[in-house]
Structure formats: structure tokens, C-alpha cells
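What follows is a short report on a single structure.
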Amino acid sequence: MNAPNEMNFEDLMRFRLEVLRREHRDLDEAIRALEMDGRPDQLILRRLKKQKLSLKDQIVKLEDRLIPDIIA
């Protein structure tokens, strides 16, 4: 009886995962563009890298929830 609710929750998690991945890629491109600039603002660069790392941590946590470890 609860199967539809679980499926909706999983779909929501997958959607959130895709949003986080997209944000991570966007930050990667922004960082790359800043680094190619002649004299990038180091404070902004550091903040973007920290934000990117935080997104990566969130991505890994969601992936772990969606793909359980199965020891064979």
C-alpha cells in the first residue's frame, strides 16, 4: 500500500540528485572561467570551490541512499 509513496520519494531524490549535479557542473565552469581570467579574485574562487565541494558531498550522500551497498 505504501509503494506509491516510496516511489514518489525515490523520484524526488533522483530529481534532487540531478539538480545538484547540474549545479556542480555550473560551478565547475564558473571556476574554470575565473581561473582563466588574468587575476581572479581569490576570495570568490575559494568560496566557489568550497560550495562545489559541499555540493559534491550532498551528491555522494544522495547516491549512497539511492544505490545501497550490496555485499555479495
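The values are calculated or read from the model by the stated rules, or taken from the named source; none is laboratory data. Since this is a predicted model, take the numbers as computed values, not measurements. Don't worry about glycine lacking a Cβ; one is built from the backbone with ideal geometry, like all the others, and counts go over all protein chains shown. The area values use the complete protein model at the heavy-atom level, side chains included, leaving out ligands, DNA and RNA. Shrake-Rupley method; radii C 1.70, N 1.55, O 1.52, S 1.80 Å.
If the Cβ limit is 6 Å and pairs must be 6+ apart or interchain, which residue in the range 54-70 that is without any contact (Cβ under 8 Å) to a residue 40 or more places away in the chain and among the aliphatic types (A, V, I, L, M) pairs with which residue that is in a helix (DSSP H, G or I) and surrounded by 13 or more Cβ atoms within 10 Å (Cβ to Cβ)?
55/20; 55/23; 55/24
Would you call residue 57 of a type in the set (Asp, Glu), open to solvent by less than 70 Å² (accessible area, probe 1.4 Å), assigned to a helix (DSSP H, G or I) and at pLDDT 95 or above?
Spelling it out, it is not the case that residue 57 is of a type in the set (Asp, Glu), open to solvent by less than 70 Å² (accessible area, probe 1.4 Å), assigned to a helix (DSSP H, G or I) and at pLDDT 95 or above.
Which of (1) charged (D, E, K, R); (2) surrounded by fewer than 14 Cβ atoms within 10 Å (Cβ to Cβ); (3) modelled with pLDDT of 95 or more is the odd one out, the single condition residue 10 does not satisfy?
Evaluating residue 10 over (1) charged (D, E, K, R); (2) surrounded by fewer than 14 Cβ atoms within 10 Å (Cβ to Cβ); (3) modelled with pLDDT of 95 or more leaves (3) as the failure.
What residue, among those in the range 26-54 that are open to solvent by 60 Å² or more (accessible area, probe 1.4 Å) and among the polar types (S, T, N, Q), is nearest to the chain's Cα centre (by Cα)?
Residue satisfying both the conditions and the ranking: 51.
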